[in-house]
Amino acid sequence: MLNNRRNFVFRVSIVINIAVLLYAAMHLSSSSTPGVEWVPVTVDGSERSAEFRYLNRDDMRNYTDTRPPDSSVRILEESTSQKTPSTMPTTNKTTSSTASLLEAAKDLEKKLTGVMADAETSNVTVLEIDDEDALNPAALAYLRTLLQCNDKDMLAQTIQRGEYWVLKNFVRADHGFIQCHESITYTTHAGFEFLDNVQPLVERWMAPVSLAIHAPGADMGPTVNSIRYLRDCLGNDLIKQFVTFHVFFSHKHVPSSIPNPDTFLQTPYNCTVKPPYDVNANSTYMKAKSLLYPVNVARNIAREAAVTHYILPSDIELYPSPNLVPRFLNMIARNAKPLSTSSRPRVFPISIFEVGAKVQVPSTKTELQAMLKNKTAIPFHKFVCPNCHNIPQGQQWINSSETNQMDVFHVGKRRGKFVHWEPIFIGTHQDPYYDERLSWEGKKDKMTQGYILCVKDYDFMILNNAFLIHKPGIKHYVKNAKRDSLASRQSLYIKNIIMPQLKTLFGTRNGCAL
């Protein structure tokens, strides 16, 4: 009901905008002196949404004769064919007041209400999408109205976060200002030795990436050089265009010097040398000092810096299926069931798989299904922790045919046999963050977030065609006495310290557990 109301308000706002434009047109036509005037046109109540510059009366007339490419306006035209802007008379007389225009708008609003009621009764989808792999102006307009999100800046800042110093937006992507509804940000994290994954990830994502890099002590130098190599030496500008890098480190391990991005970005990197991230992982400063990887600090830094409403917090070794961003946003813009009928908070889990070390990563669900059939692909962590990523109706998802658009395949819960599920999902900034007291080495680092989602009764809307593929190479469980000891201690900490706190803060719900 709420989403239908938003759709209605959006269409009414179009009518009011038309009235405002007509009033401005008459105002201009009454003046004998041509000039320049800026008229703000709003869809969502914000004057920054759009601005149109009118140089003379002809420009204004041309604009009022041009209908927005929105299917809602097509409905409006069909229902009010005698009162469209192109047929409304204009005059130099000022007796046609704003009041009369508002009366006309109210008349149009009444007609539009009837049209909307008919559309809702007959289950008609008012948004038409010809290309699922692109976002047309109508879809973007719907998204702006449906999401009601706030735009964010990308200022470079040096901030403290607990025991960590964070160089937020240390090296910014070249994509420029992005409105919050226009895309999805892939938020991820790494040490510099994992940055070989950036290129294949970005080539499939083709949208903003917010990447937090842990760079304590002497790891700062190769981190900066790795960023330079990624931006200068890979033969395309995708990383420059899409990836924003943040750098962080503990106050106990501050680097001896921090290069200035305004300086080092001006000097092309020597691309004849091997990539700075092509190193033995055991040779890093972090390993030499036996530091634990603060995985949830990194995740939260990358999340908070994302400028879009929707975010995909994920790991850098997980490569998304192509065209996921426009397909997902078109699905949101269509606002079909169950999106339009559920009132509970929701996230959108993505199915995850592994593939053999020597095979090509699949680009479509159909390709993935063939690989699952011939055993060159398997469900994620099948041989490590199958219950951690065993999704509701997982086998049915695998068996279902690929479709030409993205939809919700199944609405699941993190309860019952899925109580230990660690989904990776598209969500928003409103979702619970990760507990920064937990390390990667200690395991169960996402379980506390999962518990909160369960207690808050989140719907897990599993997407039909979207998937993530781990960097090629199927993982098997390998016993590690040191890590097992850390995991045991972290499990006790979660049980004895964190869990009682979560129950106090968020309560309990039958079936929810860590």
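Laid out as a table, the results:
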{"read-out": "Sparse-neighbourhood loop sites, chymotrypsin sites (Phe, Trp or Tyr not before Pro) in segment 335-394 - DSSP loop, at most 14 other Cβ within 10 angstrom", "value": "F383"}
{"read-out": "Global form of segment 206-252, assessed from the alpha-carbon gyration tensor, a/c cut-off 1.5", "value": "oblate"}
{"read-out": "HN-Hα J in Hz across segment 208-223 - Karplus 6.51, -1.76, 1.60, θ = phi - 60°, x for Gly and Pro", "value": "x, 10, 10, 10, 9, 10, 7, 9, x, x, 6, 6, 5, x, x, 5"}
{"read-out": "For R346, distant residues with modelled amide H under 5 Å away", "value": "D459"}
{"read-out": "Cβ-based net charge around A190, under 13 Å, with every Lys or Arg adding one and every Asp or Glu removing one", "value": "-3"}
{"read-out": "DSSP-assigned coil residues among trypsin sites (Lys or Arg not before Pro) in segment 209-300, each with at most 16 further Cβ atoms within 10 Å", "value": "K252, K289"}
{"read-out": "Cα gyration tensor shape of segment 428-506, rounded if a/c is under 1.5, else prolate or oblate by comparing a/b with b/c", "value": "oblate"}
{"read-out": "Percent of Cα pairs exceeding the 22 Å cut-off, where the set is segment 154-329", "value": "40 percent"}
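Readers should treat all values here as calculations from the given coordinates under stated rules, not as data from a laboratory. The structure displayed is predicted, hence computed values, not measured ones. Neighbour counts run over all protein chains shown; Cβ positions are idealised from the backbone, glycine included.
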